[in-house]
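**Q** A single structure is presented below for examination.
The values are calculated or read from the model by the stated rules, or taken from the named source; none is laboratory data. Just so we're clear, the structure is a prediction, and the values are computed from it rather than from any experiment. Positions of Cβ are generated from backbone atoms using ideal geometry, with glycine treated the same way; all protein chains shown enter the neighbour counts.
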Amino acid sequence: MEPRAIFFDLGDTLGEAKLTGEPKRLKEFIVYPFVRNVLETLKSEGNHLGIISNTGDDAGSEVDSLLDKTGILEFFDSNLRIYSKDVNLTKNSKEIFVLAAERAGLVNHPEFCLYVGEAAHERAYAIEAGFVACPHPLLARDVLNEHALWYARIVAPDSPETSDADWREALTELPLVPLHVAGVGGTVVYAITTSEVLDSLAHAADGPLASLNVDVLGTADLPKRTDLFILRDDAAAGSGFLSPRGEAAELFIAPSPAKPPLAIKATAEGIVVALPPDQSLEELHFSQTRHGHTLKLLPDPALLKVARKAPIGFATGHFKAVVPTLPDEIAQELGKIQGPVLLDRIERYSNKKPPGSGADKNIESRHVDHPDNKRAVTALAAEFEKLGSGRMDVSFHQFTHRGQTLHNVEAELRGESEELVLVTAHLDSTAANKKPYHAAQHPAPGADDDASGVAAVLTLAERILAITAGARPARTIRFVLFNAEEEGLVGSRAYARLQHALGAQIIAVFQMDMIGFNRQAPNSWELHAGFSPSRAVEEQSEALAELVRIMASQVSPDLARAQLYPKDEPSGGDPADGRSDHTSFNEHGYAACCASEDLFAGPLGAPAEMNEYYHQPDDVSENINPNYAADITRAVGAAISMVSSGRSDTAFTTAFLSRPPSLIPTPEAEEFDVAVVGAGISGVHAAWQLREFGHLSPSLSELAQRHPDRRLRVVLFEQSTRVGGRLYSQVLPGTPVNRPVELGGMRYLNSHKLVNSLVAEFGLESRTLPVDDSKKRHLFYLRGQHFTGADWDRPSFVPPYRLDRNERVRSPGQLLIEVALRHQARVAAEPERYRNTGFWNLLLDELSEEAFLLVRDAGGYETIVSNWSAADAIPFLLADFAPGAKYLALNRGFQSLPLEIERRFRDECGGETRMGHRLHRVDRHAEKGLQLVFDVNTQGNFSTFRRARNPHICHARHVILALPRRAIELMHPESFIFDPAIYNDEPTNRLRGTRNFEEDLRSVLPQPGFKIFAAYRQPWWQKTRWVRTGRSVTDLPVRQCYYWHTTSNPQTGSILMASYNDGSSVEYWAGLARDPTRYQPPVAAALPGVPVFDITHPSVAGASLVRELQDQLRELHGLSDTDMLMPYAVVAQDWTQDPFGGGWHFWKIGERSSQVMQRMRKPFTNVPLYICGEAWSSQQGWVEGALETAEVILLQHFGLPPLVDRLTGAKAVAELV
């Protein structure tokens, strides 16, 4: 590396500037911790170091004085320190960079000059002047060595937060600068790094980096020219794998040959956009955006360390015994916060009247591009100065964004300790939802968003100054108003980065963002504390939010009980996670929460009351409810008073640290009439029917009469974050929405009465699902030989099996069904004999060993011919092959049926669904029926099944477990269902005889099942002379291959169910699936215009699995390497994983299935607990079997009429109404 001239920006690059109040002058420069080592290394290698900085009204001598205090001035050549005040140039053109090259003696060779700066627009001018540019000091040496820079998304395998220190530490040793950490447990890292690092990560064979998956974003050196943003809430974000079928689609298209597409990836976090400095962010404002839709990714080396660090703040948990009480004198002072006070301040900053007595012009807009943004900043600082009357230190925190120097406003009330309590809101606004919108000219009053929060911060400063008159608070209180929040939390992220670099002891952050819009009763509001990258930080933040909620009852009784996320909404986590300024502090380990109006639907499906004027020019003060805003302000103020005085600490400690680790009661355990556990098809059906018709039950009507709506309170609990259980449909990118892949159950029979009734009830479209080609062209590849279904009809055909003479003239299906038909009548006559006979044994008694192997291999299913009860296997097979039997599939996917049922249960019937709830244990309760202990995880990820990490208790009069065998086995062994004492109950003994519950539980065997789907640009399988529709079968581990969707449309992908396997083949694929490296398709495999989907999706297959899959598909179809295509998307599902244990169940040999089914519906005579699901049914493996068990419970135990009568009666009532 030859010596070069290296020029650094100061602010946001080497450190951050703190300015005095008006007039703004440099007060302090805080250097980032890593800077000194970087400068020492570069200087020691012979480079000349300089500075190019916009210094405002501060001369170079003043800047040098501050830099000298930091100890870094010595590294810079005196003639290369170029300050805008001294040279009368700024970095808004290339001229200042040309001057820098002249000073370095390199005006004719500017390519030997390197400019290091965070601001993309400044780097663009440097490049225009001939410089090389670098976005961060830690990458300067690599750029000097001509290493290309890349954006990357690095994904660690799912693991508990406490086990990821090694890979994080290893990443910090590399030339890599993190931009953002996301994902549950912080397993997703966005970063800027070098091509060499990417190559080493891709080839890491062992060590902590070997488990990482790396997704390269965009093109080489894109980080030198752009800033990275994540855009959320595109219209298509909820379909498939974030397929670009929404407004974001055009972002994936290059606007011209010279300009690359803005969007470089669709991920679980949103649409990733590399924004050049000449592009307006307003043009990317999607129409369906929700609050906090944009995030700018800022370089911050500390981000990788934060997720591993112990969070700063309070002990965590819920108040149990000690509830803090606000002193009367403080309550009285906070009572002066009234609507008119808030409204006056809102009007002064939202274009209703001038901001202060000396101003003669309204603030039309606070958008960062509008000239009134600076006026607002100045006015806010002046108001803090006036309020403080010398008691508060008012200053500006300076940062750069999109070519502008912007400021956060800070007012500090010193306390007795250095510990900090932050009271925050954002000061900027936008009206980008109104098109066309020109931010520099058009009004954006932002009365609610977020002049309401600004007014609250100012008013709280006023009241807290009054409360602390004559004395300092115990902790320092800092009131901070952030700029550029609407641009992607830019101001707060820069500010939080600085505080972390300073080692600030931030105890609590209270953010207020949109607190003024409310028209409907009750006066609902929200508290947001979710932070998915770290549960430890999230728990601390929940503690703050709970304190606000408790204080609200003492100072703002007109408010409804706050909706606290994620605690109150485990189904979807916190919808504001990452969407307001409090998250910037969460990223650095600080406890932070946000108070807002009712922005999001929830909890548990309750509708939102979103401000209809959000990001519109009509967000004006006339639409504000000032008394409602005052109520929220008082609640937050009460919590601030408690925390800043230290009064809450004892209450927190007593409440949180004295809890036993296993059972943690909530203040009042919730009570339900019916709790249904498991949101598979039987669970959602039972929940819906009991909510809609349960009041008609003779045994339940009295419970229903206790509620105002005369309906049962039914709650549906689900461990995961999706409804459907083993029905799991996904739309792959670039494929039709009416051809989703079925990772779980995929078909039903036309004879299935319950399924067909529900399909008709919900108006779901279906289609015939062929298994074998109608012209018998379906392919077999067995023992190395290819043949088709038609070959069985040729007398001369000899399959590669040594069959007896009479077996050679029969197809495998005929061999199997003839055995079943011969024994059909005998099963009814001699049930005991067939119960004690395995189906495998029966087949081997009737067939030669080679014929048995042919039936097993050519049938495609190993488990069907396994050794399960022959008494149950024979009717199972005959139903499948009955005359007129037809397989059907739902066009929108089989999962659409439980989704529609759950939607009706929740939206139309008023039921409650709670996701992320794993049933940990169930016990009898003397007065309230049954007590349920759930382990709650908002992401549905549970690292242990034997301990409840985040327990929640409730009681229910009746409990329905809609669970498979394995999920019940995973419950705590001290649950009453496993307690031998339950059999002391005489009625239960009469019911069960000599059988205990666990023996019945083990009466069925979970069957291994594994599916793989792949999408291709073209249907390469049409190159064979055999297959067109249906399936192919082989004795290779892929076993069955279905031609799911074949199209010649070049804009649409074709789909192969590349493997449907069971039995012993599953472990083969499961082993390959354990490869942590996710499959990343080659560029040639991509479908034009369709981005590769997010490789972190849990269904995305591993690279090793895909390689083996392609090899076996090639062999199965008899094609060469050149005939095959690589897939652009591959998904897989292993149903042996907990909590399922298998894809379906079969009865064990020796079981009296009809008696076990009866006992399992209600296992204990005097306990209101019921079990339904496919496992203990007469139609195992079918959705019909699962529905059948739920219907038996509804009919026999709750006395409801049959399903057809219920549905018909409901329609008749609807028509009468």
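**Q** Would you point out which residue out of Arg747, Arg726 is among the basic types (Lys, Arg), more than 27 Å from Val1027 (Cβ to Cβ) and either surrounded by 15 or more Cβ atoms within 10 Å (Cβ to Cβ) or assigned by the TED database to the domain that holds Pro566 (or both)?
**A** After ruling out the rest, the residue left standing is Arg726.
**Q** Restricting attention to the range 88-100, which residues are of a type in the set (A, V, I, L, M, F, W, C) and either modelled with pLDDT under 95 or under 19 Å from Gln404 (Cβ atoms) (or both)?
**A** Step one: list which residues in the range 88-100 are of a type in the set (A, V, I, L, M, F, W, C), which gives 89, 96-100.
Selection gives Leu89, Ile96, Phe97.
**Q** Go through Val759, Val715 for me and flag whichever is in a helix (DSSP H, G or I) and of a type in the set (A, V, I, L, M).
**A** One residue alone meets the criteria, Val759.
**Q** Here is a further query. May I ask you to say which residue of Ala962, Ala885, Ala956 is modelled with pLDDT of 95 or more and either closer than 18 Å to Val723 by Cα or surrounded by fewer than 17 Cβ atoms within 10 Å (Cβ to Cβ) (or both)? If you could, list the steps in order and put the result at the bottom.
**A** Details: Ala885 fails: modelled with pLDDT of 95 or more; Ala956 fails: either closer than 18 Å to Val723 by Cα or surrounded by fewer than 17 Cβ atoms within 10 Å (Cβ to Cβ) (or both).
So the residue among Ala962, Ala885, Ala956 that is modelled with pLDDT of 95 or more and either closer than 18 Å to Val723 by Cα or surrounded by fewer than 17 Cβ atoms within 10 Å (Cβ to Cβ) (or both) is Ala962.
**Q** Restricting attention to the range 1164-1211, report how many residues are under 37 Å from the mean Cα position of the chain (by Cα) and either of a type in the set (S, T, N, Q) or in a loop (DSSP other than H, G, I, E, B) (or both).
**A** Of the residues in the range 1164-1211, 12 are under 37 Å from the mean Cα position of the chain (by Cα) and either of a type in the set (S, T, N, Q) or in a loop (DSSP other than H, G, I, E, B) (or both).
**Q** So Pro1037 ticks every box in (1) within 28 Å of Asp215 (Cβ to Cβ); (2) in contact with a strand residue (DSSP E or B) (Cβ under 7 Å, 6 or more places away or on another chain) but one. Which box is left unticked?
**A** Going through the list (1) within 28 Å of Asp215 (Cβ to Cβ); (2) in contact with a strand residue (DSSP E or B) (Cβ under 7 Å, 6 or more places away or on another chain), Pro1037 breaks only (1).
**Q** Name the residue that is farthest from Asn750 (Cα to Cα), counting only residues in the range 888-925 that are out of contact with any strand residue (DSSP E or B) (no Cβ under 8 Å at 6 or more places or on another chain) and surrounded by fewer than 22 Cβ atoms within 10 Å (Cβ to Cβ).
**A** It comes out as Gly910.
**Q** Is it the case that Arg345 is out of contact with any His (no Cβ under 9 Å at 6 or more places or on another chain) and either within 26 Å of Ala552 (Cα to Cα) or β-branched (Val, Ile, Thr) (or both)? Walk me through how you get there before you give the answer.
**A** Working: out of contact with any His (no Cβ under 9 Å at 6 or more places or on another chain): yes; either within 26 Å of Ala552 (Cα to Cα) or β-branched (Val, Ile, Thr) (or both): yes.
Against the criterion (out of contact with any His (no Cβ under 9 Å at 6 or more places or on another chain) and either within 26 Å of Ala552 (Cα to Cα) or β-branched (Val, Ile, Thr) (or both)), Arg345 qualifies.
**Q** Taking only pairs six or more apart or across chains, which ones have beta-carbon atoms under 6 Å, a first residue in the range 403-425 that is at positive phi, and a second residue that is surrounded by fewer than 22 Cβ atoms within 10 Å (Cβ to Cβ)?
**A** These pairs meet every condition: Gly403/His121.
**Q** Consider only pairs whose beta carbons are under 7 Å apart and that are at least six residues apart or on different chains; among these, list those whose first residue lies in the range 582-611 and is surrounded by fewer than 20 Cβ atoms within 10 Å (Cβ to Cβ) and whose second residue is among the basic types (Lys, Arg) and at pLDDT 90 or above.
**A** Short answer, once both residue conditions are applied: Leu604/Arg914; Gly605/Arg906.
**Q** Also, quick follow-up: Given the condition in contact with a strand residue (DSSP E or B) (Cβ under 6 Å, 6 or more places away or on another chain) and of a type in the set (Asp, Glu), answer yes or no: does some residue in the range 76-92 qualify? Before the answer, list the steps.
**A** Of all residues in the range 76-92, those in contact with a strand residue (DSSP E or B) (Cβ under 6 Å, 6 or more places away or on another chain) come to 76-77, 80-83.
Next, only the ones that are of a type in the set (Asp, Glu) stay: 77.
Yes - at least one qualifying residue is present in the range 76-92.
**Q** For the range 498-520, which residues satisfy the criterion of being closer than 27 Å to Gln338 by Cα and crowded, with 21+ Cβ neighbours inside 10 Å? If you could, list the steps in order and put the result at the bottom.
**A** The initial filter retains those residues of the range 498-520 that are closer than 27 Å to Gln338 by Cα, namely 508-520.
Hits for the range 498-520 are Ala508, Val509, Phe510, Gln511, Met512, Asp513, Met514, Ile515, Gly516, Phe517, Asn518.
**Q** If you don't mind, another one. Under 30 Å from Gln616 (Cα atoms) and touching a residue at least 24 places away in the same chain (Cβ under 8 Å), is that true of Ile550?
**A** Numbers: under 30 Å from Gln616 (Cα atoms): no; touching a residue at least 24 places away in the same chain (Cβ under 8 Å): yes.
No: the conditions fail for Ile550.
**Q** Does the range 2-53 hold any residues that are of a type in the set (Gly, Ala, Ser), within 41 Å of the chain's Cα centre (by Cα) and under 18 Å from Asn79 (Cβ atoms), and which are they? Reasoning before the result, please.
**A** Applying the first criterion (of a type in the set (Gly, Ala, Ser)) to the range 2-53 yields 5, 11, 15, 17, 21, 44, 46, 50, 53.
Then drop every residue that is not within 41 Å of the chain's Cα centre (by Cα), which leaves 11, 15, 17, 53.
Scanning the range 2-53 gives a single hit, Ser53.
**Q** Which of the residues that make up the range 476-497 are assigned to a strand (DSSP E or B) and crowded, with 24+ Cβ neighbours inside 10 Å? Step through it out loud before you land on a result.
**A** Residues of the range 476-497 that are assigned to a strand (DSSP E or B), as a first pass: 476-482.
Hits for the range 476-497 are Ile477, Phe479, Val480, Leu481, Phe482.
**Q** Oh, and also: If I ask for residues that are over 16 Å from Val143 (Cα atoms), of a type outside the set (Asp, Glu) and not in a loop (DSSP other than H, G, I, E, B), which ones from the range 91-119 would you list? Quick ask: steps written out before the conclusion?
**A** In the first step, residues of the range 91-119 are kept if they are over 16 Å from Val143 (Cα atoms); the result is 91-109, 119.
With of a type outside the set (Asp, Glu) added as a condition, the list becomes 91-94, 96-101, 103-109, 119.
Correct list: Ile96, Phe97, Val98, Leu99, Ala100, Ala101, Arg103.
**Q** So which helices (runs of 4 or more DSSP H) are wholly in the range 980-1093 and hold at least 3 residues that are of a type in the set (Asp, Glu) and modelled with pLDDT of 85 or more? Steps first, answer last, please.
**A** Working: elements: 986-992, 997-1001, 1065-1073.
Those helices (runs of 4 or more DSSP H) span 997-1001.
**Q** Search the range 756-806 for residues being small (Gly, Ala, Ser) and in contact (Cβ under 8 Å) with a residue 40 or more places away in the chain, and hand back the single one that is surrounded by the fewest Cβ atoms within 10 Å (Cβ to Cβ). Even if it seems obvious, please write down each step before you answer.
**A** First, the residues of the range 756-806 that are small (Gly, Ala, Ser): 757, 760, 763, 766, 774, 784, 789-790, 796.
When the remaining residues are screened for being in contact (Cβ under 8 Å) with a residue 40 or more places away in the chain, the result is 757, 766, 774.
On the way: Ser757: 16, Ser766: 18, Ser774: 11.
In this case the residue turns out to be Ser774.
**Q** Let me ask something else about it. Which residues, taken from the range 29-49, are in contact with an Asp or Glu (Cβ under 6 Å, 6 or more places away or on another chain) and not aliphatic (A, V, I, L, M)?
**A** Of all residues in the range 29-49, those in contact with an Asp or Glu (Cβ under 6 Å, 6 or more places away or on another chain) come to 30, 48.
Of everything in the range 29-49, just one residue is in contact with an Asp or Glu (Cβ under 6 Å, 6 or more places away or on another chain) and not aliphatic (A, V, I, L, M), namely His48.
**Q** Given the range 501-615, what strands (runs of 3 or more DSSP E) lie entirely inside it while holding 3 or more residues that are touching a Cys at 6+ places or on another chain (Cβ under 9 Å)?
**A** Numbers: elements: 506-512, 525-528, 563-565, 592-597.
Hits in the range 501-615: 506-512, 525-528.
**Q** Hey, another quick one. What residue, among those in the range 429-472 that are free of Cβ contacts under 8 Å to residues at least 40 places away in the same chain and among the aliphatic types (A, V, I, L, M), is nearest to Lys353 (Cα to Cα)?
**A** Top of the filtered list is Ala469.
**Q** Could you check, for the range 1104-1111, whether at least one of its residues is touching a residue at least 12 places away in the same chain (Cβ under 8 Å) and either assigned to a loop (DSSP other than H, G, I, E, B) or closer than 30 Å to Pro698 by Cβ (or both)? Break it down into steps so the answer makes sense when it comes.
**A** First pass over the range 1104-1111, keeping only residues touching a residue at least 12 places away in the same chain (Cβ under 8 Å): 1104-1106, 1108-1110.
Adding the requirement that they be either assigned to a loop (DSSP other than H, G, I, E, B) or closer than 30 Å to Pro698 by Cβ (or both) leaves none.
No, that holds for no residue.
**Q** Are there any pairs, at least 6 apart or on different chains, whose C-beta atoms fall under 8 Å, with the first in the range 40-60 and assigned by the TED database to the domain that holds Ser78 and among the charged types (D, E, K, R) and the second at pLDDT 95 or above and assigned to a loop (DSSP other than H, G, I, E, B), and if so, which?
**A** none
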